[in-house]
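Worksheet for the structure shown next.
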Amino acid sequence: MKSHSAKNETNLSYLLTISIIASLGGLMFGFDMAIISGTVPFITDYFDLSDLQLGWGVSSMLVGAVIGAMFAGNLADRFGRRRMLIITALFFAISALGTGLAQNFTFFYMMRILGGIAVGAGSALSPMYISEVSPSQYRGRMVVLYQMSIVVGILISYIVNYGLHDIGENNWRWMFATGTLPSVIFFVLLFIVPKSPRWLYKKGYTNQAYNILKNVGGTANADYDIAEIKESLKQAHARFRELFQPGLRRVMIMGIVLAILVQMTGINTIIDYAPKVLEDVGVEVGEALFYNIGIGLINFLFTWVAVLLIDRAGRRKLYIVGSAGMVMAMVFLSVAFSLENVSGILILVFMFLFISFFASCIGPVFWTLMSEIFPNKARGTAMSVAVVTNWIFNWLVVFIFPGMMGSYGGTVTYGFLAVMSLILLIVAVRYLPETKGKTLEEIEMIWQPKD
């Protein structure tokens with residue numbers, strides 16, 4: 001199949017508008033994931049939680065995320081990407097308000113699970129929608145907006161946590177409840193974005209699909225995309241049991257491996273536990289929460305590097321550079337914890353180093369790859385499998401990290417994470433193809449069995 005060379009008639013302002021709206025699911029993802037970090041001391045006292053209960057309170061959202069990701073793809077294939085995003089935004093709003101109003105621990109973690117369902121569903125739906133509406137020459141940058149929204153949500157949650165940590169006994173309620181406003185804004189704005197043209201075409205609404213592609217990318221792009229969508233959908237829709245058969249097996253294995261390693265390299269040991277790690281090496285609570293804002297700011301700033309480079313340098317090159325840098329940062333952290341009287345500032349600097357490589361290379365590129373590597377006939381189901389895997393290993397890392405630190409210390413724990421980053425580097429060098437500048441249909445051909 002020849003490369004796409006249609007004249008660039010893309011309506012960038014329209015494309016950017018609908019992509020930003022869809023990416024707000026990432027903002028809620030980041031906010032809900034990170035807001036818990038500043039509430040831990042306060043909900044522990046309010047609900048009189050044991051260590052086990054606290055672990056469940058923190059990780060329950062990730063259980064919900066597994067559930068949400070598990071069903072999002074099939075539901076999106078049945079009812080549409082936009083409709084499911086609207087329901088997801090409603091779940092976000094109910095969860096944020098409900099968690100802030102919780103009077104007992106059972107209702108609290110039930111609301112966390114509901115929020116997690118929205119997070120898991122949104123993590124599949126938002127990048128999927130953006131990739132399906134974007135012309136190939138802009139798809140990488142548009143999907144990176146989703147990762148940018150995640151880091152903005154994380155940064156906002158850190159600022160909220162620090163700003164509200166000393167306002168009184170109800171501070172944790174306000175921390176959670178502040179998520180209601182962006183959820184409602186997300187819900188309302190979704191009604192003005194179009195439906196996914198690829199979903200519309202699959203459902204038989206070919207004229208609507210063509211008009212949306214034309215409004216976004218111009219006539220030449222629309223003609224080209226419609227022809228490729230038509231060709232790619234001649235094959236029957238893939239069911240779950242077919243995902244690991246020849247023709248889909250290679251891409252499914254790659255998606256699952258990337259989903260596992262993006263978590264096992266340790267990003268959420270920093271996002272969720274940085275204040276606790278800093279406290280354990282002698283940093284005062286308020287100061288640790290303030291430093292956490294620095295982590296969020298580094299995360300935000302370096303994600304812009306990915307925005308600028310993903311469609312220029314390409315996905316594969318960024319993955320190689322990012323994983324190599326993460327190996328270095330985790331080795332430094334491992335060595336630092338072997339020192340006597342380790343400095344909290346030194347630990348923070350190496351965390352900054354890790355975040356800078358992850359944010360500029362790995363995090364944004366991962367979600368872009370997940371949204372584009374799977375073929376049209378299986379995208380919803382296949383992406384759900386990969387995203388479910390991602391959330392399961394997210395939960396696993398968050399769950400076992402405190403125990404590993406307590407039992408084996410920082411030297412062994414961060415040494416293990418360095419090995420995981422090294423494995424990611426090997427996978428990127430040996431097996432990850434380049435998808436820069438290719439249409440979704442051209443990417444399908446990469447994974448087909450060679451004659």
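Things to note:
- Among residues of region 28-46, those that are among the hydrophobic types (A, V, I, L, M, F, W, C) and open to solvent by 30 Å² or more (accessible area, probe 1.4 Å), counted: 2
- Scanning region 1-57 for residues that are within 30 Å of ILE212 (Cα to Cα), at pLDDT 80 or above and among the β-branched types (Val, Ile, Thr) turns up THR17, ILE18, ILE20, ILE21.
- Restricting attention to region 201-212, the residues that are surrounded by 17 or more Cβ atoms within 10 Å (Cβ to Cβ) and outside any helix (DSSP H, G or I) total 0.
- Applying a threshold of 9 Å to beta carbon distances and a minimum spacing of six or more residues, or different chains, the list of pairs starting in region 291-319 at a residue that is closer than 15 Å to VAL143 by Cβ and ending at one that is aromatic (Phe, Trp, Tyr) reads ASP311/TYR138; TYR319/PHE366.
- Check on ALA418, more than 20 Å from the chain's Cα centre (by Cα) and hydrophobic (A, V, I, L, M, F, W, C): yes
- Helices (runs of 4 or more DSSP H) fully within region 1-95 counting 1 or more residues that are hydrophobic (A, V, I, L, M, F, W, C), under 19 Å from the mean Cα position of the chain (by Cα) and closer than 21 Å to SER371 by Cβ: 12-34, 51-79
- Members of region 213-222 found to be open to solvent by 20 Å² or more (accessible area, probe 1.4 Å) and in contact (Cβ under 8 Å) with a residue 24 or more places away in the chain, listed by number: ASN215, THR219, ALA220
- Residue within region 304-319 that is over 23 Å from LEU75 (Cα atoms), open to solvent by 10 Å² or more (accessible area, probe 1.4 Å), under 16 Å from the mean Cα position of the chain (by Cα) and not small (Gly, Ala, Ser) present: yes
- Restricting attention to region 333-365 and to residues that are open to solvent by 30 Å² or more (accessible area, probe 1.4 Å) and of a type in the set (Gly, Ala, Ser), the residue that is farthest from THR413 (Cα to Cα) turns out to be SER343.
- Of the residues making up region 113-135, those that are open to solvent by 10 Å² or more (accessible area, probe 1.4 Å) and more than 15 Å from the chain's Cα centre (by Cα) are ILE113, LEU114.
- Scanning region 99-111 for residues that are open to solvent by less than 10 Å² (accessible area, probe 1.4 Å) and not hydrophobic (A, V, I, L, M, F, W, C) yields THR99, GLY100.
- Cβ-Cβ under 7 Å pairs, at least 6 apart or on other chains, region 272-289 side open to solvent by 10 Å² or more (accessible area, probe 1.4 Å), far side of a type in the set (A, V, I, L, M): ASP272/VAL398; GLU279/VAL285; GLU279/ALA288; VAL281/VAL342; VAL281/ILE347
The values are calculated or read from the model by the stated rules, or taken from the named source; none is laboratory data. Not measured: the values here are computed from a predicted model. Every residue, glycine among them, receives a Cβ derived from its backbone with ideal geometry; neighbour counts consider all protein chains shown. Ligands, DNA and RNA are stripped out before the accessible areas are found, and what is left, the full protein with its side chains, is counted by its heavy atoms. Shrake-Rupley method; radii C 1.70, N 1.55, O 1.52, S 1.80 Å.
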